[in-house]
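A.B. asks: Have a look at this one.
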Amino acid sequence: MDKFRTQLVVLSAPSGAGKTTIARALIQRNKEMTISVSATTRPKRPQEKEGRDYHFLSIGEFKSNIRRHNFIEYEEVHGDLYGTLKNEVQKILDEQRIAVFDIDVKGALSIKKLYPQAILIFIKPPSLSELKKRLKRRKSESEEAITKRLQRIEFEYAQADKFDHILINDDLNHAVQQIEKLILK
């Protein structure tokens, strides 16, 4: 971890911009990094695994964690609840590892308030038409769900100037290398 200047790297982007793919590539290339696994109430997609992709919680379980103040941040996004569990982050920090967050813009800004040393990176797709293609290519959501995700883009883009860095993801390897450069000492 000595070569990196932070223990918290926060990636945010509109759905389909590639933040999860970038986060996974970062941890594959850097043994010091690990993904902070978020909790969600949304249904699990076929390829996803509990504890690797998300902690899948019922609405009751999620709300119980809210009441017990177990979240660093949480938000409703696209009709589902998402949040970062305190114990998940503390475990990573205790292990002296770098936590890579793959979360929405509101959650990213909440983390920055609690951890000012966190580096926030907003990832944009090369274009809106490319973003739409990526969402459709995933084949994991209905047209209605895709439309709902696209309706949030204007709000997300308006938050980008509050981030430490903005990166266009037009090439995965280049994007990962750029992020590594941003977080090196």
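Every number in this text was worked out from the coordinates using simple rules, so none of it is lab data. Everything numeric here is computed off the predicted structure, so don't read it as measured data. Every residue, glycine as well, gets a Cβ built from its backbone with ideal geometry; the counts of neighbours run over all protein chains shown.
A.B. asks: As a quick test, which of the pairs Lys133/Lys162; Lys91/Lys162; Lys63/Lys124; Lys19/Lys148 have an alpha carbon distance above 21 angstrom in this structure? Show your work: numbers first, answer last.
C.D. replies: On the way: Lys133/Lys162 27 Å; Lys91/Lys162 27 Å; Lys63/Lys124 31 Å; Lys19/Lys148 18 Å.
Table pairs above 21 Å Cα-Cα are Lys133/Lys162; Lys91/Lys162; Lys63/Lys124.
A.B. asks: Here is a follow-up. Trypsin sites (Lys or Arg not before Pro), restricted to region 120-163: which are DSSP loop and have at most 15 other Cβ atoms within 10 Å?
C.D. replies: Details: sites: Lys132, Lys133, Arg134, Lys136, Arg137, Arg138, Lys139, Lys148, Arg149, Arg152, Lys162; in loops: Lys139, Arg152.
Sparse-neighbourhood loop trypsin sites (Lys or Arg not before Pro): Lys139, Arg152.
A.B. asks: Work out the charge dipole of region 15-153 with +1 on the Cβ of Lys and Arg and -1 on the Cβ of Asp and Glu about the Cα centre, then indicate which of Asn70, Leu57, Ser15 is farthest towards its positive end.
C.D. replies: Ranked along the dipole, the leading option is Ser15.
A.B. asks: Find, among the trypsin sites (Lys or Arg not before Pro) in region 9-63, those assigned to loop by DSSP (not H, G, I, E, B) with at most 11 other beta-carbon atoms within 10 angstrom.
C.D. replies: Here the trypsin sites (Lys or Arg not before Pro) that fit, given the DSSP loop and packing criteria, are Lys31, Lys49, Arg52.
A.B. asks: Give the Rg (one decimal place) followed by the Dmax (whole number) of the chain, computed from C-alpha coordinates and expressed in Å.
C.D. replies: In order Rg, Dmax, the Cα atoms of the chain give 15.7, 46 Å.
A.B. asks: Count charges around Ala99 for me, please; just the other residues with Cβ under 10 Å from its Cβ, Lys/Arg as +1, Asp/Glu as -1.
C.D. replies: The answer is 0.
A.B. asks: Also: Given the -39500 (n - 2.57) contribution per DSSP H run of 4+ residues, what per-residue ellipticity at 222 nm results for the chain, rounded to the nearest 500 deg cm²/dmol?
C.D. replies: Counting only the DSSP helices, I get -12500 deg cm²/dmol.
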